[in-house]
Amino acid sequence: MKKVLAGILAIMLLVLAGCAKTDMENDKLAKLNQEELMNQYQILINENKPAGELTGFIKANLTSFSQENLDKAVISCLEVMQTQLKDYEDKMFSNDINIPLNNYKHEDLVKLQNIKEETIKNLLQDAFSNGYKLSQSEGMYYPEIDYDLILKEFGGQTSDQVAGYLEIMAAESNKHFASDAALLISPDELANRTVKTEKYIGNYPDFALIQQVKQFHGYYLKAYLLGLNNTPLFDYQTEKAKDSFIQSYEKTIAENKETKLAGILEEYLSLLDEYDYTKSEEIMDFVTGVTSDK
């Protein structure tokens with residue numbers, strides 16, 4: 001009986017050893033596959049391939065990427081898109097494109113219909129196929145990265161860090177907070193974006209693209225505290241703070257007690273109250289102080 005048990009134990013040890021060896025070989029193979037996958041992707045980047053080829057490669061290999069490498073691939077793609085965006089801007093702002101371009105309705109340009117000039121149609125078609133979209137500000141059209149498209153394609157598979165970044169950028173891309181020196185969103189929505197970017201910066205201070213988040217956080221905070229030229233906090237005639245902003249400040253404090261923004265707003269409301277909600281040098285100095293490093 002002991003010999004039988006010993007034999008069974010020996011077989012089990014051999015099986016376990018074989019499994020362990022197989023696991024090690026599988027791990028090694030997986031590592032090699034990841035390296036090869038990233039090498040292939042890097043070749044596309046080195047060859048300065050259009051962003052559409054990069055996103056196409058990521059989509060084709062979406063289930064093969066580890067999450068870490070998927071994050072790296074998406075971040076690299078966004079960096080390439082930012083670089084290649086300059087080329088589209090230069091072409092779109094050239095006189096032979098820009099002047100006739102601005103004679104068209106946005107709807108026609110987006111749908112690529114009723115466009116007489118082949119150069120304009122081809123440029124837009126190329127931009128759209130590579131992950132850019134057409135926006136308009138102050139009567140001028142310009143290209144920008146379609147972050148919402150990237151979010152929908154890859155956000156569900158990336159880490160929270162990358163998905164969170166894409167959500168912030170997509171929110172701004174889908175509806176800009178300002179245009180023509182006027183707010184396009186409500187003070188409450190501006191507060192939400194300020195809080196979201198503040199929390200993201202606190203959670204992921206070393207993220208590769210954190211500077212863009214910091215930049216928008218600075219824009220949002222200053223616009224929330226003072227408004228903009230065409231939607232100011234202080235009425236131009238009375239120099240009194242508008243109720244819509246004050247009510248939003250109070251709401252933001254109540255709903256976001258643990259944030260830096262809430263602390264800033266508590267001090268701000270106290271100062272506003274001290275000066276009877278009327279614009280003063282002290283109030284403006286306070287805003288400068290809390291936004292100068294943003």
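Where a number appears in this text, it was derived from the coordinates with a stated rule and is not lab data. All figures in this text were calculated on a predicted structure; none of them were measured in a lab. Please note: Cβ atoms are built from the backbone with ideal geometry, for glycine as well, and neighbour counts cover all protein chains shown.
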Original post:
Using a Gaussian network model of the chain with C-alpha springs under 10 Å, which one of Ala163, Ala241, Ala60 is most mobile by mean-square fluctuation?
Top reply: Ala60
Subject >> Glu281 paired with Asn114, simple spin-label distance in nm, labels 7 Å along Cα-to-beta-carbon >> reply: 5.6 nm
**OP:** Would you give the gap between the C-alpha center of the stretch 40-118 and the C-alpha center of the stretch 167-204, rounded to a whole Å?
**Re:** 24 Å
Original post:
If you line up the Cα atoms of the chain on their principal axes, what length do they span on each, largest first, in Å?
Top reply: 100, 58, 26
Subject >> Estimated Rh, the stretch 38-174: Kirkwood, alpha-carbon pairs, angstrom >> reply: 15.9 Å
Original post:
For the stretch 137-194, which trypsin sites (Lys or Arg not before Pro) are both in a DSSP coil and crowded by at most 16 other Cβ atoms within 10 Å?
Top reply: Lys175
Subject >> Listed pairs Lys196/Lys279; Lys133/Lys257; Lys175/Lys257; Lys175/Lys240; Lys240/Lys260; Lys199/Lys242 exceeding 32 Å between Cα atoms >> reply: Lys133/Lys257
Subject >> Average Cα contact separation per residue, the stretch 177-294, under 8 Å, 6 or more apart, as relative contact order % >> reply: 28 percent
**OP:** Take the Cβ-Cβ distance between Leu271 and Asn98 as r, set R0 to 35 Å, and report the resulting FRET efficiency rounded to the nearest 0.05.
**Re:** 0.15
**OP:** Round to the nearest 10 and give me the degree value, 0 to 90, for the angle of helix 160-174's Cα axis relative to the longest principal axis of the chain.
**Re:** 40 degrees
**OP:** Count neighbours as other Cβ atoms within 10 Å of each site's Cβ, and list the GluC sites (Glu not before Pro) in the stretch 195-294 that are DSSP loop with at most 14 such neighbours.
**Re:** Glu239, Glu258
**OP:** Extending each Cα 7 Å along its Cβ direction at Glu255 and Lys175, get the distance between those two points in nm, one decimal.
**Re:** 1.3 nm
**OP:** Take the alpha carbon atoms of the stretch 224-294, find their center, do the same for the stretch 131-161, and report the distance between the two centers in whole angstrom.
**Re:** 31 Å
Subject >> Alpha-carbon Debye profile of the stretch 158-294, log10 I(q)/I(0) at 0.09, 0.10, 0.18 Å⁻¹ >> reply: -0.27, -0.33, -1.02
Original post:
By how many degrees, between 0 and 90 and to the nearest 10, does the Cα long axis of helix 118-129 differ from the longest principal axis of the chain?
Top reply: 60 degrees
**OP:** Can you tell me how much longer the chain between Met140 and Asn122 gets when fully stretched, taken as 0.36 nm per residue apart minus their C-alpha distance, in nm with one decimal?
**Re:** 4.6 nm
**OP:** Report the equivalent ellipsoid semi-axes for the stretch 146-185 in whole Å, largest first, defined as the square roots of five times the eigenvalues of the gyration tensor built from alpha carbon atoms.
**Re:** 24, 9, 5
Subject >> In degrees, nearest ten, helix 243-255 long axis to first principal axis of the chain (Cα) >> reply: 30 degrees
Original post:
Out of Gln113, Gln67, Gln82, any idea which swings most in a Gaussian network model of the chain, alpha carbons joined below 10 Å?
Top reply: Gln113
Original post:
For the stretch 92-143, which trypsin sites (Lys or Arg not before Pro) are in a loop by DSSP, counting at most 12 other Cβ atoms within 10 Å?
Top reply: Lys105, Lys116
